[in-house]
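Below: one structure, written as structure tokens.
The values are calculated or read from the model by the stated rules, or taken from the named source; none is laboratory data. Nothing here was measured: the structure is a model prediction, and the numbers come from that model. As a convention, Cβ positions derive from the backbone with ideal geometry for all residues, glycine included, and neighbour counts pool all protein chains shown.
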Amino acid sequence: MTQKEEKRGSGFRILGMSPSEISREFFSSGTGKVASALFIVLVVVSIYSYFALPSNFGAIWNNPSYWKFNPDNAPPAWINYFTSQKLAPQVTVHPLESVTTYRGVTYISSTFSVENPYAVPWQDIYLVLNGIPKNSSAAVQLTIYRPDGSSMPIGPLQFSGSYIDLASSSQVKNQILSFFYDKGESITLAPTQSPIPLLFQAVKNGKPYTLDGNYTVKILVTVFGSVASSSKDPNFITVIMRGNVYGLMGTDFEGHDLWEGLLAGFPIDLEIGIVSAVITMVIAIVVGIMSGYFRGWIDEVLTRITDIVITMPAFPLLIVFSVLFAWSLWDAILFLSILSWGGAARIIRSMIMQIREAQYIEGAKIVGARGSWILRNHILPQIMPYSLYLLVTSAPGAILTISALNFLNLAGSAYPTWGNLLYWADSTGALYAGMWWWVIPPGLLIAFVAVVFILVAIASEPVVNPRLRYG
Amino acid sequence: MGMALLEVDNIHLYYSTSKGIVKAVDGVSFELEEGETLALVGESGCGKSTIAKALIRLWERNVSSVTGEIRFEGRDVLHISDEEFRMQYRWKKIAWVPQASMNSLNPVLTIGEQMIEPLVIHHDVDKDKALMQAMDMLEAVGLPRDIVRRYPHQLSGGMKQRVAIAMALILMPKLVILDEPTSALDVITQANIMNLLKRLRREFKLTYIFITHDLALASELADSVAVMYAGKLVEWGSSDDIYVSPKHPYTVGLMGSVPTLRGEKKLTFMPGEVPSLINPPTGCRFYPRCPYFASRGELKGLCDRDEPPYIDVEHKGARRHLVSCWLYK
Amino acid sequence: MGLLRSLGFRAINLVLILIVVLFIISYALSGPASSVLENQVKIEARAVAQAVLKHNPNAASQAQQVYNTIVAQLEKAYGLDQPPIIRTFYIMWDMLSFNWGYSFFPQNYGVSNGKVVNIIASALPGTIILDTLGILLSAIIGIYVGTRSALRYGSLSDRGVMYYAAVSNGLPQWWIGIVFIIVFAVMLREVHSPIYFPFGGILDPKYFGTWLVNPAAVFANVSAVLNLLWHLILPLLTVLIVNIGGWAYFARTVVLNVAQEDFVTVARAKGLSENQVVNKYIIRPAAPAILTSILITIPFVLFGGFLVTEVVFQWWGLGYVYNIAITAAGTPDTPVVVALTYASTLLYIVIVFILEILYIMLDPRVREQ
Ligand SMILES: Nc1ncnc2c1ncn2[C@@H]1O[C@H](COP(=O)(O)OP(=O)(O)OP(=O)(O)O)[C@@H](O)[C@H]1O
Ligand code: SF4
Ligand SMILES: [Mg+2]
């Protein structure tokens, strides 16, 4: 009798189902298939993001000068497919260069060409020069050969620092305006208006319009000194043409590449969901088993505590502590988990009560089974699947709560979170400016991750709740 | 005998599940005279409750097919409209005390509210009068009259069982289906309920279908006994015949397992398990567990291939004694 | 009798929660964050000293003296000269007696004199309007939808409701608000639609001043009330879109479970019509269970949902004031944040208590004994 019991207990059956039956039950529904596919997508993207982003991405994100060449508030590049007014995208070129040194002066020359079919051309051009020694001075000259046969000389421009911003140079502005003035066109620019688009435009009666076609740009850098070793650097000159649209997901007010920002959110949200759910679940299982199994005063006390934890409002406490102690994301997750196990513990407790009532335990007791044996063979196999289910159901809540905190600019992390992207969108008025590319995707992704967890939960419901299995 | 009150003619009731079609009742026929008590006996899961549900036409959502005929007072009630069945038969003629009738009461309504509903619906009785009748009926089942104002959670299991019985009798139905009315109760309460059922039958001239897995208990009440196995009827006859000379090996096994003392019994004596109702054994469904099949060579290739017909065996009681077993061919 | 006892029991439970929350905050303030309190004392003292100076601009030394005595008095009053645990109780007492001090940055709220109590009092009506309407309407619609859907279990509309509920459970409510603003305020303006909604706010500026000091006066004015309702549409819609799903989901689950109970089959067997069965034997017994399952999610619904939605719509309520206190000044306005936490917990507890009263009334198993 005992032996037979033992066999049935240790045989791998959960809720009377073998693992293959469980997976069949899970995948039998469309939801199960969709949920697992989406979950795999989530995990794959998270792993991809982990490898695709540099390890110090957090520091990079928070360093504004890293993003200074990017346009601010630019929509994604692909909107050109849907609009008639084409906008120039961000372009970065590393033109081939030739370096010659003559009497202690180094000349670096290079040429590149671009096509300009855009109704709104580039707003600025940056020349980034690497490897110019700190103590030597340099000058830059450009010539732009335009599709109408004209050519526009720019420079020489004094070079200092690590790059030249053409739009902010009054010399450039004057040279461009005089180019047109010589052709009998006078143009007035607002003080802050960039002259750079005019490079790619023709003017008629004072009105600029796009000059379609191929542009060739010649660059000559004169360095008064030698640039010996670094001259072999193929990236000696980098030309960045600041666009009006940017990348896959556009940019925010600081020129952050939102695609990277969004990508960085994947592993974070996945971690938020999983870590908080695991902590929650472990506490819930321990408390549930203790109060369900020992009964008596232990149960009494634990039930009281559980009741309090269930009604405890975690969110305002999270706010106040995040404010008082400048909590990080992980502090907040930990605290949230510590306050969210109540509901699950209550369910596990009642399950254990039921299992204890069940006769086979009484039977097992009679033949002298030890408590740990009953726990391992009867109680755990029955509550494990349900616990896993609860684990999955508690993830979305954590994700949403932490995202809401991030949206209030609390519980920050070095990495940008989706909630935090939305905070900046809200606080800089992006939504009133209709910057959908900045405002819609982070929220969609938060919802996506939460919904994936919910779908997994729904698909596993028939496994843990046999009542739903019929039909 | 006159015309039967109830004739169940070859009914089948199948459920569809993700694992396949469950043939919960697979071709069952029997009859019942007015005033007669039929005990429907069999192991757990053999389809007893399903028959009860078929009789009141309240099967589960996932039912896949119901066929056959159920003639009540000569009329096929399985094929009349839902509305007609509801207005003409439900509770008025056929009442039902469900299995685990602890759960047959709505927790948020008082006992009185639940008892008087049939009176109000079917007999158009006004509320106060109906309440008086409910109290009378409660008294008849041995409960205090003021229970009408109580809620179900304020009653004990035995009291709820009595309320369920009282509720079933409130319209004086022709037929009362009692689905294991005592299985969840302790021995003393069980005995009380059995006595109550006997008294009520006498007082109100009731016809019972008494569903149980306990043959000994059935013997107290039954005029005839129908034994079910895996969705089929294997033996049917007067109590006198069944108890004195059971014919089907399964019935014999059931009898053998009846201990002299009453109590919760399990049919652990019989080796093997109840077969799957999705893929039942071919031929006689009992053959995997049948001691005769195991010991007698000539039955091989017969019992496990061909379904045994119903065979009329000799009977002393009022009913024919039918048995479905190749031993008697 | 039984009714009062269970109500009392629940009330005690809730008060216990309030005290636990209060204790946690006060303890945090008394120990690790006690500099906040010292700051607070100085601000209060300065306010009085400035009042003295206003009265008599030449009495600088007198003002300084007043300042010093007040600082000393207040430090004593706040227990700053006491060990942390005693201080904790001082702070608790102050909280309980609505003695919430002064905002660090009163100019951010536009409420006169910068008293935290006044700031919060001005924000309370907005929150109450949005929360009450939001919860009531989403409950009514959600339970209706969920019940319908459960009764058509497996049908196309049932599946639709299921998926809607699942998805809406995962939607950040405040973000839906953002989407609504973009669509119904920004885009409708861009396409020159004759109808477009306000970007946010609780009232037009001309009424808002009155609202801050005397909301009752706003309700006396029909056009102001209409203006409030006009501003309410988008936030309310946001709240409904997300919360109806939750209610519907719980209602559906509970109704599905109840529908399988024996007493429902018995009710049908008794010959009740389908309508009667649904109303008396499914919905009524299901109601308490629906309420309990909602009760567990109420903190989440209220705080993670409603409060943050207020931020998006700049709806003058506790949540929006929270946002101002946290972000407007660069450094957090701690006294306001702390008091808000207490006040919103208080509000939450009142709402839970109302729901529990409802629950007790609905469930005789709790009501009778
Ligand atoms: N809704 C359903 N869907 C699928 N199978 C069902 C359903 N209801 C019952 N069954 C199956 O039909 C068979 C007969 O069930 P039924 O309830 O009639 O048994 P029973 O003889 O009353 O047993 P017990 O003595 O345990 O009450 C069982 O095998 C059961 O698993
Ligand atoms: S038919 Fe055969 S197997 Fe079935 S009970 Fe009779 S002897 Fe046994
Ligand atoms: Mg049964």
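Numbers for the structure displayed
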| quantity | calculated |
| --- | --- |
| Members of segment C:208-239 that are surrounded by fewer than 19 Cβ atoms within 10 Å (Cβ to Cβ) and of a type in the set (Ser, Thr, Tyr) | C:THR210, C:SER223 |
| Helices (runs of 4 or more DSSP H) lying entirely in segment A:292-352 (those with 2 or more residues that are at pLDDT below 90, more than 22 Å from A:LEU400 (Cα to Cα) and more than 8 Å from chain C (Cβ to nearest Cβ)) | A:296-311 |
| Residue that is farthest from C:ASN99 (Cα to Cα) [pool: residues in segment C:10-53 that are in contact with a Leu (Cβ under 8 Å, 6 or more places away or on another chain) and of a type in the set (D, E, K, R)] | C:GLU38 |
| Residue among A:ILE458, A:ILE446 that is within 11 Å of another protein chain (Cβ to nearest Cβ), more than 26 Å from the chain's Cα centre (by Cα) and touching a residue at least 60 places away in the same chain (Cβ under 8 Å) | A:ILE458 |
| Any chance B:GLY27 is within 16 Å of ligand 3 (Cβ to nearest atom), at positive phi, at pLDDT below 95 and in contact with a Gly (Cβ under 9 Å, 6 or more places away or on another chain) | no |
| Any hit, segment C:334-356, residues being more than 9 Å from chain A (Cβ to nearest Cβ), over 30 Å from C:VAL218 (Cβ atoms), more than 11 Å from the chain's Cα centre (by Cα) and assigned to a helix (DSSP H, G or I) | yes |
| Single match in A:GLN158, A:GLN175, A:GLN141, A:GLN171 (criterion: polar (S, T, N, Q), part of a strand (DSSP E or B) and free of Cβ contacts under 8 Å to residues at least 60 places away in the same chain) | A:GLN158 |
| Residue count, segment A:419-471 (criterion: more than 30 Å from C:VAL258 (Cβ to Cβ), small (Gly, Ala, Ser) and modelled with pLDDT of 90 or more) | 4 |
| Candidate set: segment C:313-342, residues that are of a type in the set (Gly, Ala, Ser) and either touching a Cys at 6+ places or on another chain (Cβ under 6 Å) or surrounded by fewer than 24 Cβ atoms within 10 Å (Cβ to Cβ) (or both); chosen: the one modelled with the highest pLDDT | C:ALA328 |
| Set C:ARG268, C:ARG252: member being closer than 23 Å to B:ASN62 by Cβ and touching a Ser or Thr at 6+ places or on another chain (Cβ under 6 Å) | C:ARG252 |
| Residue list for segment C:255-268, restricted to those being more than 9 Å from chain B (Cβ to nearest Cβ) and in contact with a Pro (Cβ under 8 Å, 6 or more places away or on another chain) | C:VAL258 |
| Residues (within 19 Å of A:ALA433 (Cα to Cα), assigned to a helix (DSSP H, G or I) and among the hydrophobic types (A, V, I, L, M, F, W, C)) located in segment C:188-221 | C:LEU188 |
| Hey, B:GLU273 at pLDDT below 90 and within 16 Å of ligand 3 (Cβ to nearest atom) or not | no |
| Neighbours by Cβ (under 7 Å, 6+ apart or cross-chain): first from segment C:269-286, facing chain B (nearest Cβ under 7 Å); second hydrophobic (A, V, I, L, M, F, W, C) and part of a helix (DSSP H, G or I) | C:GLY271/B:MET87; C:GLY271/B:ILE121; C:LEU272/B:ILE121; C:TYR281/C:PHE263; C:TYR281/C:VAL264; C:TYR281/C:ALA267; C:PRO285/C:VAL258 |
| Which listed residue is away from every other protein chain (no Cβ under 11 Å) and within 14 Å of the chain's Cα centre (by Cα), from A:THR417, A:THR428 | A:THR417 |
| Residue within segment B:219-226 that is away from chain C (no Cβ under 14 Å) and within 16 Å of ligand 1 (Cβ to nearest atom) present | yes |
| Residue that is surrounded by the fewest Cβ atoms within 10 Å (Cβ to Cβ), among those in segment B:153-181 that are assigned to a strand (DSSP E or B) and either among the polar types (S, T, N, Q) or within 11 Å of chain C (Cβ to nearest Cβ) (or both) | B:ASP179 |
| Pair list, Cβ < 8 Å and 6+ apart or interchain, from segment C:57-71 residues that are more than 11 Å from C:ALA47 (Cα to Cα) to residues that are at pLDDT 80 or above and assigned to a loop (DSSP other than H, G, I, E, B) | none |
| Complete set of residues in segment B:18-58 that are charged (D, E, K, R), in a loop (DSSP other than H, G, I, E, B) and away from ligand 2 (no atom under 16 Å from the Cβ) | B:LYS19, B:GLU33, B:GLU34, B:GLU36, B:ARG57 |
| Helices (runs of 4 or more DSSP H) completely within segment A:380-471 that count 3 or more residues being within 16 Å of ligand 1 (Cβ to nearest atom) and over 27 Å from A:GLY342 (Cβ atoms) | none |
| Number of positions in segment A:63-113 that are more than 30 Å from A:TYR209 (Cα to Cα) and of a type in the set (Phe, Trp, Tyr) | 3 |
| Residue within segment B:118-134 that is away from every other protein chain (no Cβ under 14 Å), away from ligand 3 (no atom under 16 Å from the Cβ) and in contact (Cβ under 8 Å) with a residue 40 or more places away in the chain present | no |
| Residue ID - nearest to ligand 3 (Cβ to nearest atom), chosen from residues in segment B:30-54 that are β-branched (Val, Ile, Thr) and in contact with a helix residue (DSSP H, G or I) (Cβ under 7 Å, 6 or more places away or on another chain) | B:VAL41 |
| Residue satisfying condition, being assigned to a loop (DSSP other than H, G, I, E, B), surrounded by 15 or more Cβ atoms within 10 Å (Cβ to Cβ) and hydrophobic (A, V, I, L, M, F, W, C), within set B:LEU138, B:LEU78 | B:LEU78 |
| Criterion violated by B:GLU314 - all others in (1) at pLDDT 85 or above; (2) within 30 Å of B:ALA4 (Cβ to Cβ); (3) within 16 Å of ligand 2 (Cβ to nearest atom) satisfied | (3) |
